[in-house]
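The structure under discussion appears below in the form of structure tokens.
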Amino acid sequence: MKLTLSIIGCFLSLVTTVCAQTTPQEVYADLNKSASVYYAYPQVDENYTPVPAGYTPFYISHYGRHGSRYLISDTDYLSVMQVLEKAAAIGFLSEKGKDVYRRLQLVWEDARGLGGQLTPLGYRQHREIAERMFRNFPEVFAGERNISARSTVVIRCALSMAAFCETLKGLNPELQMTYGAGERYMSYLNYWNEDARNFTSDESPWRENYRKFRKEHIRPERLMRLLFTNQAYVEQHVDAEDLMIGLYWIASDMQNVDTGISFYDIFEKEELFDIWQVFNYGHYVCNGTCPWGKEIVQRTFVPLLENILDSAEDAMKDSSTAATLRFGHDGNVMPLAGLLHLEGCYAEETNPENFYKVWSDFKIVPMAANIQLIFFRKKGSDDILVKFMLNEKEVTIPLESDMKPYYHWKDVEEFYRNYIKRLSSPSS
């Protein structure tokens, strides 16, 4: 007797929760994971499930986050440095504080004028992902085939696209590329409707509990005593919480640059874990599948899912199409992963203390994060198979299949089209 799709979905939701669980010990073992969306793309060393007999890959649909970058703005460095500079001028920095200020000056030499731009590592990540894609699925890129590449209007995304595509072109000069990075494509690559913007705004009702959670989990007193010799000065002239968060982001981003500098020595591992929880909370509610606003967020990404479905249908009719490549941001990949119901990306939880146990931003959107749908066909058959990869790891979706992690496209498309209808219905 076959289980119904809804029962299977509930079962796999439980499995997903287990797969997604994060523990403090996991983060303590690798403090880079406490960096939230600044976690650098992890090493890929995968053994993939063999392709079912007779099937060969023919098309890839992709959405990727830009590669590793500097902090979003030069101000993110300067605002921290200026606090330490003022304290140093009047002799209120400790020896550790002076050392941190010296390191910050070296970091600034590397980052000055590059806020929000790709680091050298960011380019390398996309070149390496493209090369692995080419090596893993050579049939897709054989001969004179066409690739459509689109990015948001943000330069780091366009440059990520360029690095990715030039790598593919270098491996097969016969590939025909079409590029785009204009407002025309923002309607599906990075679109947020008014409801979603209101829900994620600072005025949204859920923010009150978030601010309480943040206050409980960010405790800067110890760090202030470490960096400054005069705590009365700190109380009068330093926003301790802002300074701690500023240093946290700089420390987090060091894994994305090639300076060899670290700031983890000024934090206790428990502090890093607690700060990460705060930002993971915000990402889960704004971009994930927290029940408070899950469908509000997912509705605004329906155009992206429809583009994926429609592009796949077009590729099946046009044998010259090899791949559709899309480049955007962490705030696009997270909702898409939930909308697609990718393993580890769609669990639901309403207790903020447990958010990290079911949904972890660094597992979904490290720098250069990517979702890949790989399509396979069999000669003499109309059956199309698809498998899903998140950050180049095979993942499941809540559908029956006689050959997991490969799924029959007709079932996958029906599942997503029906889900779109449900999201779009007035009662949902």
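No value in this document is a laboratory result; all are computed from the given coordinates. The structure presented is a predicted model; accordingly, all values stated were derived computationally and were not measured. Cβ coordinates were reconstructed from backbone atoms using ideal geometry, including for glycine residues, and neighbour counts include every protein chain displayed.
Summing Lys and Arg as +1 and Asp and Glu as -1 over all other residues whose Cβ lies under 9 Å from the Cβ of VAL44 gives a net charge of -2. Treating r as the C-beta distance of TYR179 and LYS421 and R0 as 35 Å, the FRET efficiency rounds to 0.60.
Shown is the FRET efficiency for ILE155 and ASP402, computed with R0 = 51 Å from the Cβ-Cβ distance and rounded to the nearest 0.05: 0.65.
Near ALA322, once Lys and Arg are set to +1 and Asp and Glu to -1 for all other residues with Cβ below 11 Å from its Cβ, the sum equals -3.
Can you give the relative contact order of the stretch 333-421 as a percent, counting alpha carbon pairs under 8 Å and 6+ residues apart?
Dividing the mean separation by the residue count of the stretch 333-421 yields 23 percent.
Of the residues GLU109, GLU413, GLU270, the one that moves most in a GNM of the chain with alpha-carbon contacts below 10 Å is GLU109. When the Cα positions of SER252, SER425, LEU106 are compared along the charge dipole of the chain, SER425 comes out farthest toward the positive end, with charges on each C-beta of Lys, Arg, Asp and Glu. In this simple spin-label model, placing a label point 7 Å from the Cα along the Cα-to-Cβ direction at both HIS237 and GLU216 gives a separation of 3.5 nm. Mean separation of Cα pairs under 8 Å and 6 or more residues apart, divided by the residue count, gives the chain a relative contact order of 30 percent. Here the sum of -39500 (n - 2.57) over DSSP H runs of 4 or more residues, divided by the residues of the chain, equals -15500 deg cm²/dmol at 222 nm, to the nearest 500. For the pair THR75 and ARG207, the difference between a 0.36 nm per residue extended length and the Cα-Cα distance amounts to 45.0 nm.
Relative contact order, whole percent, for the stretch 198-336 stands at 24, derived from Cα pairs under 8 Å and 6 or more residues apart.
Around LEU78, with a cut-off of 10 angstrom between Cβ atoms, what is the net charge of the other residues, counting Lys and Arg +1 and Asp and Glu -1?
Every neighbour counted, the sum reads -2.
The stretch between LEU171 and ARG112, if pulled fully straight at 0.36 nm per residue, gains 17.8 nm over its current Cα-Cα span.
Its alpha carbons considered, the stretch 297-408 gives a radius of gyration followed by a Dmax of 15.3, 53 Å. Just so you know, the Cα atoms of the chain work out to an Rg and Dmax of 22.9, 80 Å.
Available extension along the chain between GLN43 and THR259 is 75.8 nm, counting 0.36 nm per residue and deducting the alpha carbon span.
Antiparallel beta bridges, as assigned by DSSP with both residues in the chain, represent about 60 percent of the total such bridges. So if a site counts as exposed when it's one of the trypsin sites (Lys or Arg not before Pro), its DSSP state isn't H, G, I, E or B, and it has at most 11 other Cβ atoms within 10 Å, what's the longest stretch of the chain without one? Counting at most 11 other Cβ atoms within 10 Å as exposed, the longest clean stretch of the chain is 3-378. Measuring against 26 Å, Cα to Cα, the residue pairs LYS33/LYS215; LYS393/LYS421; LYS378/LYS404; LYS294/LYS357; LYS379/LYS404; LYS363/LYS421 contain LYS393/LYS421; LYS363/LYS421 as the ones spanning a longer distance.
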